[in-house]
Structures are given as structure tokens and as C-alpha cells.
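Heads up, the thing below is written out as C-alpha cells.
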Amino acid sequence: MPSFDVKSLHFAWFVGHVLTLLGGALHIASLLCFYPSNKPYYLAYMGAIGSYGIVVYQSHGIPSPSGVYVHQLALDENAHYLGLAIFWLLFASQAVSATVIPFATYSAFHVISYTRSHLLEKNKDLQAKMKTWTDVYYGGAMRFVAIIEVVAIPARLFLSVLWPFRVTPFLVFCFFLRFRYLSSTYTRQAFADVNAKLDSVLPPAAKPTYAGLQSMLSRLVNTAVQ
């Protein structure tokens with residue numbers, strides 16, 4: 001028999017990631033088929049809040065207003081993703097489709113890991129194949145997520161700043177990216193790759209403007225983080 005307890009928090013964590021993966025995939029599929037549906041988008045974020053909420057609870061316990069608790073959350077990337085999922089679900093005024101891609105990608109690997117460890121423990125051959133697949137594609141998937149977070153999502157949110165002048169989502173995501181830059185080598189490499197690409201394609205006349213924009217964003221986010 002599989003070694004899992006449907007009443008356990010671990011199983012609830014797994015179900016949350018299944019919902020995130022399923023909701024994210026269905027939402028993106030609806031866009032590709034030109035029949036956009038936001039219901040799967042909200043399903044994905046409800047799953048993400050559940051799964052990341054469980055991890056944060058298991059790591060830090062019941063929420064507390066104490067400075068120690070808040071400091072612990074500030075250093076925990078799972079808490080950052082939990083906060084971001086809550087923001088996209090409850091406080092963003094419209095669905096931002098690109099934002100579900102990182103969550104769904106992470107969830108895919110969590111679902112595979114749980115399935116391999118708890119649902120297929122008797123099938124050693126399939127377990128080995130799934131582990132090999134994970135080992136082969138994990139790094140590429142994380143680089144893909146980093147590019148989505150560094151390029152696609154900020155670009156989409158920046159368009160919302162221009163019209164219809166929604167500034168808050170862009171600023172919230174900039175603060176999140178600052179934490180990701182500090183904690184993730186994939187994010188730092190994505191920034192380096194983007195900078196190198198822009199340096200190679202921007203005309204000389206545009207480079208001072210680009211440098212000034214970089215400096216302004218860096219000061220804004222650094223001040224907010226401090």
C-alpha cells in the first residue's frame with residue numbers, strides 16, 4: 001500500500017501543488033486556445049496558498065506579530081511565494097497570466113517528487129525513471145522560471161503601469177525580485193544574461209537611459225527592502 005495519510009499536512013501540501021499545477025496548465029491552455037478562463041487561474045493560487053501556507057506553518061509555527069517571527073518570514077523564500085500568491089489572488093485587480101508559470105513549474109516538480117516517493121514506492125523502475133527525468137530537467141526548468149520572473153512578468157506589469165496605471169503590482173513584484181536576487185543563483189544569472197543581451201543590442205545613445213533606469217530601480221527597491 002502507498003505510504004501516505006490523506007489526513008496529514010503532507011498530503012494536503014501535495015493536493016495544493018496538484019491544484020496549482022492543474023489550474024496553471026488549464027489557464028495557460030485556455031489562453032492558447034483563445035478561450036481565456038480565469039477560474040483555473042484562481043484555482044492555481046488557492047492551491048499555492050494552501051501548499052506554501054503549510055510549509056510556512058511547519059517551519060515557523062502559528063503566525064505571531066513578534067519581530068522575531070516577522071524576521072524569520074523575511075528570510076524564507078516560501079513565505080515570499082506565499083505572500084505573492086495571496087497578493088495575486090486577493091489584491092491584484094486583474095489576472096496576470098504569466099505569474100502562474102513559476103508556481104505551476106515548481107508544483108510540477110513537487111508533484112513528481114511526492115508521487116515518486118509515496119505513490120509509486122513499489123515500482124522501483126518507474127521511480128528511477130522519474131528521478132532521472134527530474135535530475136535532467138530541473139536545472140533548465142529553474143532557469144526558465146528565472147527568465148519568466150526577470151523578464152516576462154515585469155514587462156507585463158510595466159505595461160499595466162503605463163495603462164491603466166496600476167503601479168502597485170509592479171512595485172510589489174520588484175520587491176519580490178529583490179529578495180529572489182539575493183537568495184537565488186538562477187535569478188542572479190538571469191539578470192546577468194539579460195544585462196549582457198541588452199548591452200549587446202542597445203544603441204550607444206540608449207545606454208545612458210538604460211543605466212539611469214537601472215540605478216533608479218535599484219535605489220527604489222533597496223530603500224523599500226531596508
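Observations
- Matching label, Cα Rg over 2.2 N^0.38 Å computed from the structure shown, candidates [x] 0.98; [y] 1.12; [z] 1.48: [y]
- Neighbourhood net charge (10 Å Cβ-Cβ; Lys/Arg +1, Asp/Glu -1) for ASN123: +2
- Report summary: the helix-based calculation at 222 nm, which adds -39500 (n - 2.57) for every DSSP H run with n ≥ 4 and divides by the residues of the chain, gives -24500 deg cm²/dmol.
- Comparing ALA192, ALA25, ALA104 in a Gaussian network model of the chain, where Cα atoms under 10 Å apart are tied by springs, the biggest mean-square fluctuation is seen for ALA192.
- Within the chain: Cβ-based charge dipole about Cα centre, in debye rounded to nearest 20 (Lys, Arg +1; Asp, Glu -1): 220 debye
- In terms of other Cβ atoms within 10 Å, VAL100, VAL136, VAL161 run from fewest to most in the order VAL136, VAL161, VAL100.
- Angle between the chain longest axis and helix 77-86 axis [Cα atoms, degrees, rounded to 10]: 80 degrees
- Sparse packing (at most 10 other Cβ atoms within 10 Å of the Cβ) combined with a DSSP loop state is found for the following chymotrypsin sites (Phe, Trp or Tyr not before Pro) in segment 1-89: PHE34.
- The chain, relative contact order [Cα under 8 Å, separation at least 6], %: 19 percent
- Among LEU75, LEU202, LEU120, residue whose mean-square fluctuation peaks in a GNM of the chain (springs only between Cα atoms under 10 Å): LEU202
- Longest DSSP-loop-exposure-free segment, trypsin sites (Lys or Arg not before Pro), the chain, at most 13 other Cβ within 10 Å: 8-121
- Candidate lysines for bridging to LYS197, where Cα separation is under 30 Å - those fewer than 8 sequence places away on the same chain excluded: LYS207
- Average Cα contact separation per residue, segment 1-83, under 8 Å, 6 or more apart, as relative contact order %: 27 percent
- Sum of side-chain charges, TYR210 neighbourhood, beta-carbon under 15 Å (Lys, Arg +1; Asp, Glu -1): +1
- C-alpha center-to-center spacing [segment 186-211, segment 74-108] in angstrom: 26 Å
- Selection from PRO203, THR105, LEU159, by position along the positive dipole direction of segment 9-225 (Cβ): PRO203
Every number here is computed from the coordinates shown, using simple stated rules; none is lab data. The structure displayed is predicted, hence computed values, not measured ones. Glycine also receives a Cβ, built like all others from the backbone with ideal geometry; neighbour counts cover every protein chain displayed.
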